[in-house]
Amino acid sequence: MSCEHQGPKTATACDPCSPGLRNRYFRGKLLTVADYRSEQAYLNGRRRLITRQLLGWGIASGFEVERNGAVLTIGAGVAFDCHGRELVACERVEIDELEDVLWLEAGDCGLQPGAKPAPGRYLLAAHYAECRIDGVRVEEGCGEAVCEANHVCETVVYSLRRAESPWCPPVVQGCDGLDPDSGFASAPQPGEPVKIADSGDVGAIGLCRQSRCGICGGGFDPCRPGKLSRHGALDVDFEAGVPLAYVLYAADACDVPTLTDLIHIVRACEPTRIKDIGWRKWHEHPELVTGRKNFRAMFVEPPKPAAGPDPDSGDEDDEDGTPAQPAPANPYPPVDTRFWVCFSAPVQIASLTRDVITMTLIQADGREAVGNMVRVPINDLWVAPTSDGDPPGTTRGFRPKVRYQFWQGEIVPGASSGFSRKTLVEVRIHGDLIIDWAGQPVDGNAIGRRLPSGNGTPGGKFLSSWRVIPKNADVPPR
């Protein structure tokens with residue numbers, strides 16, 4: 001029986017294959033295998049949809065990867081794939097034979113198990129899998145009996161595929177080359193935004209911030225569940241792997257690939273953090289006061305400027321609204337500093353403006369009863385070059401540059417400044433304004449004085465403070 005009626009159009013086709021199909025119970029209803037399958041599919045599908053849309057996908061905990069010679073060990077863990085399915089690995093798995101993992105390659109209909117692997121760089125991923133267990137004999141009344149699996153066990157299987165497609169997730173790198181003495185003379189400056197990724201794929205918590213890994217087909221259709229393909233005794237979704245690490249294979253004497261290296265990757269579920277700062281020594285010891293000479297060493301002495309116009313003139317609109325004439329070249333260039341900031345993953349250069357970092361001085365007045373707040377003028381940023389392998393238009397760190405007049409009036413030796421008395425220095429890094437490679441704000445939330453920063457949620461402010469005294473040496477904490 002069907003119910004035909006006229007009415008408004010619906011947003012989901014209500015046919016037997018609809019993801020919104022669920023059982024309707026009534027007295028006398030005959031329940032069949034199809035009805036029970038429909039019930040399970042509806043409940044699983046809705047739960048996974050909520051997980052995927054609110055949490056995202058990626059690793060929630062665990063799945064640590066270790067290498068011992070030619071053996072890979074993957075720890076227990078919990079993750080969600082890009083369809084919201086739960087990957088619950090209860091045991092550690094050692095991979096020491098080529099047959100212990102799925103070797104995937106691109107086929108006509110997506111990823112599929114491939115032939116003998118060749119040496120190269122591979123992406124290790126975890127996949128949701130189902131195993132049919134507990135076989136039972138079923139008599140159908142005519143013909144021979146059949147064997148059916150009485151239960152389905154949800155498990156995890158691992159795969160390796162050639163890492164030739166998109167850069168994802170970011171490879172962990174150090175913070176070398178950010179000091180002005182490191183040899184980098186110039187770097188790209190902020191300009192037009194570079195479209196790397198947007199935040200349209202971000203959940204409320206942001207477990208995973210991207211679908212750029214080339215593993216989930218580059219997108220997610222909430223009305224089309226992931227397809228499980230039969231492979232041996234398992235049903236696996238080859239396309240929906242959760243990336244764990246890069247592994248390198250080389251050919252041995254018998255031309256058989258053997259594991260030679262393991263490259264840990266930043267978890268796709270982790271937001272980008274402030275990894276290190278150039279003044280870490282002072283930041284981690286709030287009671288450690290430093291001398292004026294040591295503080296002065298954080299500024300790079302600039303060359304003596306030639307005579308020229310006031311650097312603050314020009315670039316302003318006239319009172320009648322007409323644009324003013326641009327000022328001649330500034331003979332007072334900004335002064336470079338050693339207050340560099342390093343990130344755990346690349347950030348978009350276009351988001352780095354001079355407003356992302358502020359430095360405030362709180363200096364005692366003549367009576368030393370109150371403190372006068374002075375904002376250090378940040379005129380420009382030095383941006384580190386894009387690291388090898390990172391997306392274009394990104395950087396791993398920057399340094400602020402201050403106005404020349406501040407250097408001349410407050411920092412230069414012999415200047416009569418507020419540093420003749422004890423000064424509290426506060427530096428704030430605004431994570432909300434810095435956009436990472438995946439289109440999310442940097443997790444700059446300060447948790448005490450630890451580094452890296454972050455509490456697991458994007459955005460927030462990183463606060464650092466220390467004291468400068470007129471003396472020339474560091475004073476140990478009391």
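Here, each number is a calculation from the coordinates, and none is a lab measurement. Because the structure is a prediction, the values reported are computed rather than measured. Note that we place each Cβ from the backbone using ideal geometry, even for glycine, and neighbour counts take in every protein chain shown.
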Here the FRET efficiency for Ala11 versus Arg280, based on Cβ atoms and R0 = 51 Å and rounded to 0.05, is 0.45
Counting only DSSP beta bridges with both partners in segment 34-174, the antiparallel fraction in percent, to the nearest 5, comes to 90 percent
Whole-Hz Karplus couplings 3J(HN,Hα) for segment 102-114, θ = phi - 60° and coefficients 6.51, -1.76, 1.60, Gly and Pro as x, run 7, 9, 9, 8, 6, x, 5, 10, x, 6, 8, x, x
For Lys304, Lys422, Lys401, Lys275, ascending order of other Cβ atoms within 10 Å (fewest first) is Lys304, Lys422, Lys275, Lys401
Full extension between Ala253 and Arg449 adds, at 0.36 nm per residue less the Cα distance, a length in nm of 65.4 nm
Ordering 226-234, 96-104 by per-residue average of other C-beta atoms within 10 angstrom, highest first, gives 96-104, 226-234
For Met298, Met373, Met359, ascending order of other Cβ atoms within 10 Å (fewest first) is Met373, Met298, Met359
Site Arg224, offset 7 angstrom along Cα→Cβ, radius 20 Å on amide nitrogen, limited to segment 67-87, gives 81-85
Under the 7 Å Cα-to-Cβ spin-label approximation, Cys131 and Thr457 lie apart by a distance in nanometres of 4.0 nm
Going from the fewest other Cβ atoms within 10 Å to the most, one would list Val402, Val136, Val347 as Val136, Val402, Val347
Between the modelled labels at Cys109 and Glu64 (7 Å from Cα along Cα→Cβ) the distance in nm is 4.0 nm
Given a Förster distance of 35 Å, the FRET efficiency implied by the Cβ-Cβ spacing of Val93 and Ala34, rounded to the nearest 0.05, works out to 0.45
The answer for Ala345, listing residues at least 5 apart or on another chain whose modeled amide H is closer than 5 Å to its amide H, is Arg273
Residues of segment 382-410 with backbone N under 16 Å of the label point set 7 Å from the Cα of Ala297 along Cα→Cβ are none
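Using a Förster radius of 41 Å, what is the FRET efficiency between Val152 and Asp388 based on their Cβ-Cβ separation? Nearest 0.05, please.
0.35
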Over all Cα pairs of segment 374-451, the Kirkwood radius sets Rh, and Rg/Rh then becomes 1.07
